[in-house]
1. Of the residues VAL58, VAL45, VAL35, only one is closer than 13 Å to GLU8 by Cβ and either surrounded by 10 or more Cβ atoms within 10 Å (Cβ to Cβ) or modelled with pLDDT under 95 (or both); which?
2. Tally the residues that are touching a residue at least 40 places away in the same chain (Cβ under 8 Å), out of contact with any Ser or Thr (no Cβ under 7 Å at 6 or more places or on another chain) and among the basic types (Lys, Arg), restricting the search to segment 45-68.
3. Give all pairs with beta carbons closer than 9 Å in which a residue from segment 17-44 that is more than 11 Å from VAL58 (Cα to Cα) meets a residue that is modelled with pLDDT under 95 and assigned to a helix (DSSP H, G or I); count only pairs at least 6 apart in sequence or on separate chains.
4. When you check THR63 against the structure, is it of a type outside the set (D, E, K, R) and either in contact with a Pro (Cβ under 9 Å, 6 or more places away or on another chain) or not in a strand (DSSP E or B) (or both), yes or no?
5. Of the conditions (1) in a helix (DSSP H, G or I); (2) touching a Pro at 6+ places or on another chain (Cβ under 7 Å), GLU55 clears all except one; give me its number.
6. Just for segment 1-19: of the residues that are polar (S, T, N, Q) and at pLDDT 95 or above, which one is nearest to TRP39 (Cα to Cα)?
7. How many of the residues in segment 4-46 are part of a strand (DSSP E or B), of a type in the set (Gly, Ala, Ser) and more than 25 Å from GLU68 (Cβ to Cβ)?
8. Do the conditions hold for ASN34, that is, is it at positive phi and of a type outside the set (Ser, Thr, Tyr)?
Amino acid sequence: MSIAKVSEIIASSPKSFDDAIKSGIARATKTLTNVRSAWVENQQVRLDNQGHIQEYRVQMKITFILEE
């Protein structure tokens, strides 16, 4: 029997939502082992004073299997 755990993370990128997701997963796999899935729960952008997008942010839930 496997036991899974979920960890919530927020990742950001100046390029795109896709890049923020990839960098978040890459960072999570540095610390967590047996990462099995990621669910993007929320997306948002941070704007500068002129209304231009400065940063893309994603809130994700990362699922990983605990080692026995």
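1. Exactly one residue qualifies, and that residue is VAL58.
2. Matching residues across segment 45-68 total 1.
3. As it stands, the answer is none, since no pair meets every condition given.
4. No.
5. In the conditions (1) in a helix (DSSP H, G or I); (2) touching a Pro at 6+ places or on another chain (Cβ under 7 Å), GLU55 misses (1) alone.
6. Let us first name the residues in segment 1-19 that are polar (S, T, N, Q), namely 2, 7, 12-13, 16.
Next cut, at pLDDT 95 or above only: 7, 12-13, 16.
Working: SER7: 10, SER12: 15, SER13: 17, SER16: 17 Å.
Once the filter is applied, the top-ranked residue is SER7.
7. 3
8. Details: at positive phi: yes; of a type outside the set (Ser, Thr, Tyr): yes.
So ASN34 fits the description; yes.
The values are calculated or read from the model by the stated rules, or taken from the named source; none is laboratory data. Here the structure is a predicted model, which means the values were calculated and not measured. Here Cβ is always computed from backbone atoms with ideal geometry, including for glycine, and neighbour counts include all displayed protein chains.
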